[in-house]
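The values are calculated or read from the model by the stated rules, or taken from the named source; none is laboratory data. It should be emphasised that the depicted structure is a prediction, and the values quoted were computed from it without experimental measurement. In this analysis, Cβ positions are derived from the backbone assuming ideal geometry, glycine residues included, and neighbour counts consider all displayed protein chains.
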Amino acid sequence: MAPAVQPRRIIIDCDPGIDDAIALLLAFASPELELRGITVVSGNVSIDLTVRNTLQICALAGESGVAVHAGCHRPLVREPIRGLFSGPTGLGKLDLTAPTRPPAGRHAVAFLVEALTAAAEEGAPITVCTMGPLTNLAVALRINPKIAAGIERVVMMGGAYQVPGNRTPAAEFNILADPHAAHIVFSSGLPITAIGLDASHQALSTPERVAMIEAVGGALGRTVGDLLRFWDRGDPARFAGPGGPLHDPLVIAHLLRPQAFATRAAAVAVELEGALTLGQTVPDWYGQTGAAASVDVVTEVDADAFYGLLAERLAAGRRRVVA
Amino acid sequence: MSALPLIIDTDPGVDDAGAILLAAASPELDLLAVTAVAGNVPLDAVVANAGRVLALAGLAAVPLHAGAGQPLVRRQVFGRHSALGAFGDDLVPVRPVAPRRRGAVEALVDAAIGGVERGRPVTICALGPLTNLALALVQDARVAAGIARIVVMGGALSALGNRAPWADFNMLADPHAAASVVRAGVPLTLLPLEATFQALLTEADLQRLEREGALPARVFARLFRASDRGDPVRFGRPGGPVHDALTVAWLLWPELFRTRDAAIGVATAGEVQGHLHADFHGVGDRPVNASVVRVVDERPLLDRLIARLCALPDPAGALEAVAS
């Protein structure tokens, strides 16, 4: 079915990663979105693996046309850290066939600069969806600050605003992995929707929800089901039940169903110097810093609506792949 | 021996002009490109100045690329002599070379990766804040592999700072970029302030440039006089340092420099943000990553520099005839 309105132009910047992979599959199955390109960054696993994983997920979904641009191989300043929950390859226990195509010749940063400059000139700005450390976007912004005019909004998975961190007591992984890049993005003045742990810890992949996804069937249902089973933290005391917080697909879900999310506006600063708090996202709820409240921080998610959407779209995606 | 492929990353800046002119006068070097970075003065002015110096040097065909306009993280600061701003026709009477459309960081990435592919890595003289280089090195692991060496003007180990008590301008202006670059695994030569303070251009040297040189040497002397670079109390004698020009001089005449290996790093946080520390004695656990210049053989160095600059001919299309 054709969407009623002009599709929203997006670029996805990711570091697959299990949750990134599911987010990509959700985006591929959503006709409301016009995916202009995928940029990949070092994060959960090394850049070679995040690129390979992205290409494999594209192949799984029959997305042979979308350009996949390899991006930055390490954070701006700090040494790389890796994700803990996606396994050594970044895709759990999945054993997907080797990619059948190479990444695009253009580097992710060059692509971002070019695509966003063109978007600014055309007056058709693009929504940048980030699911990993913010290195690619930060480097692009420092190389050419004018690309901001080509960005409609940054919808980001990153940060922990009213809840503790995950990788350290203070910091969420994507921000901690490149806090300086996060600083560049948060201080850019760009409109940002920040989906952090506050949101994703409300979206647990409970056994009932995993069963619902598996019931989609086919390669997509089976693959996402496998990924979600691997994703189970096995720490019901911490997460108030079995399952894992499904971070990155919330970015895509927010584009599709904003009404399923509640937000609160704030300026957000990133701690760059603290011995205990490196990478902490510090929201200014009360305007104490005088900085503009350019970030909509997601505070609540309708998790059932989110998982229902995911299952519905994967089913549609499965029909599309089969067709 | 074929000429050394070189890129100068720069924020002109009077002493930067000396470096570019010396490279232009040196057949041992093949200047592939000049990349500009905001530093001494804002980006528009450094690009315009670099364009003028290239024209003055007779290097109008060397591509000029505009780079980062602000540091990675910290609030922007400009140089001590920033009042000089963009060089006008009165100072550098040539039509400036226009920058290319392609940006500095992309040019650096492509040159380095091309260096890997051709088996001929590029050498980079880094004369300003290290922002462009940091933004290039983070993009692709092949960038570091394609750079033979970065010769950095920066650090203040025993002379301490010129822009802060603990830091020279280049490190202070973008400490995060500096910290990132020195850890990137590229061989480094460092010219800290206590080294560049050892080569002071005196009034007699300036007069020699004016007497014996064509337009490039005369303009360099004019630029040098345009801001007072001397500090007799600090240096114990008259004369002003030629800082950045020493990076190119080190490539040409390493026998005039004494170096020591060290593990260097740059403080990104705290009260001494931008301080470059050097471990000459293996006190810490970081491996050696730089060759640090400790002693400069001043007189032969300045004589050779002056001779090279004086050998540069008038550029085509100068706006001012060389009056004697």
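Before moving on, here are some points about what is shown:
- Verdict on A:ALA177 being buried (at least 24 other Cβ atoms within 10 Å of the Cβ), within 14 Å of chain B (Cβ to nearest Cβ) and touching a residue at least 60 places away in the same chain (Cβ under 8 Å): yes
- Criterion: surrounded by fewer than 17 Cβ atoms within 10 Å (Cβ to Cβ), over 21 Å from the mean Cα position of the chain (by Cα) and touching a residue at least 12 places away in the same chain (Cβ under 8 Å) - qualifying residue of A:ALA275, A:ALA305, A:ALA265, A:ALA291: A:ALA291
- Residue within the range A:138-147 that is away from every other protein chain (no Cβ under 14 Å), touching a residue at least 24 places away in the same chain (Cβ under 8 Å) and farther than 15 Å from A:VAL297 by Cα present: no
- Test: B:ALA38 is crowded, with 24+ Cβ neighbours inside 10 Å and within 14 Å of chain A (Cβ to nearest Cβ): yes
- Residues in the range A:112-125 that are within 14 Å of chain B (Cβ to nearest Cβ) and either touching a Lys or Arg at 6+ places or on another chain (Cβ under 8 Å) or buried (at least 24 other Cβ atoms within 10 Å of the Cβ) (or both): 4 in all.
- Condition check for A:GLY43: surrounded by fewer than 21 Cβ atoms within 10 Å (Cβ to Cβ) and of a type outside the set (Val, Ile, Thr): no
- Counting only strands (runs of 3 or more DSSP E) that sit completely within the range B:42-157, those holding 2 or more residues that are away from chain A (no Cβ under 14 Å) and in contact (Cβ under 8 Å) with a residue 40 or more places away in the chain correspond to B:122-126, B:147-153.
- Listed by position, the strands (runs of 3 or more DSSP E) inside the range A:1-105 whose residues that are touching an Asp or Glu at 6+ places or on another chain (Cβ under 8 Å) and in contact (Cβ under 8 Å) with a residue 40 or more places away in the chain number at least 1 are A:8-14, A:33-40.
- Hey, B:LEU31 outside any strand (DSSP E or B), within 28 Å of B:PRO254 (Cα to Cα) and under 17 Å from the mean Cα position of the chain (by Cα) or not: no
- The lone exception for A:GLY165 - which of (1) of a type in the set (Gly, Ala, Ser); (2) surrounded by fewer than 23 Cβ atoms within 10 Å (Cβ to Cβ); (3) farther than 22 Å from A:LEU76 by Cα it fails: (3)
- Scanning the range A:159-172 for residues that are more than 15 Å from A:ARG82 (Cα to Cα), small (Gly, Ala, Ser) and in contact with a Pro (Cβ under 9 Å, 6 or more places away or on another chain) yields a count of 2.
- Some residue of the range A:154-161 being away from chain B (no Cβ under 14 Å) and over 16 Å from the mean Cα position of the chain (by Cα): yes
- Any hit, the range A:168-175, residues being among the polar types (S, T, N, Q) and closer than 18 Å to A:GLY274 by Cβ: yes
- Filter pass, B:PRO187 being surrounded by fewer than 22 Cβ atoms within 10 Å (Cβ to Cβ), modelled with pLDDT of 95 or more, in contact with a strand residue (DSSP E or B) (Cβ under 7 Å, 6 or more places away or on another chain) and within 24 Å of B:PRO254 (Cβ to Cβ): yes
- Residues of the range A:201-217 satisfying the condition of being touching a Leu at 6+ places or on another chain (Cβ under 6 Å) and hydroxyl-bearing (Ser, Thr, Tyr): A:SER205
- Being out of contact with any Ser or Thr (no Cβ under 7 Å at 6 or more places or on another chain) and aliphatic (A, V, I, L, M) is a condition met by no residue of the range A:71-80.
- When A:ILE38 is tested against (1) at pLDDT below 95; (2) out of contact with any Lys or Arg (no Cβ under 7 Å at 6 or more places or on another chain), just one condition goes unmet, and that condition is (1).
- Taken together, the criteria exclude A:VAL128 from residues that are within 30 Å of B:ALA107 (Cβ to Cβ), surrounded by 24 or more Cβ atoms within 10 Å (Cβ to Cβ) and either touching an Asp or Glu at 6+ places or on another chain (Cβ under 6 Å) or within 14 Å of chain B (Cβ to nearest Cβ) (or both).
- Candidate set: the range B:1-32, residues that are acidic (Asp, Glu) and surrounded by fewer than 21 Cβ atoms within 10 Å (Cβ to Cβ); chosen: the one nearest to B:PRO63 (Cα to Cα): B:ASP30
- Whether a residue is closer than 25 Å to A:ALA160 by Cβ and either modelled with pLDDT under 95 or hydroxyl-bearing (Ser, Thr, Tyr) (or both) was assessed, and A:ARG209 does not pass this test.
- Here the range B:256-274 is the region considered, the condition is being within 14 Å of another protein chain (Cβ to nearest Cβ), touching a residue at least 60 places away in the same chain (Cβ under 8 Å) and in contact with a Leu (Cβ under 9 Å, 6 or more places away or on another chain), and the residue that is surrounded by the most Cβ atoms within 10 Å (Cβ to Cβ) is B:GLY274.
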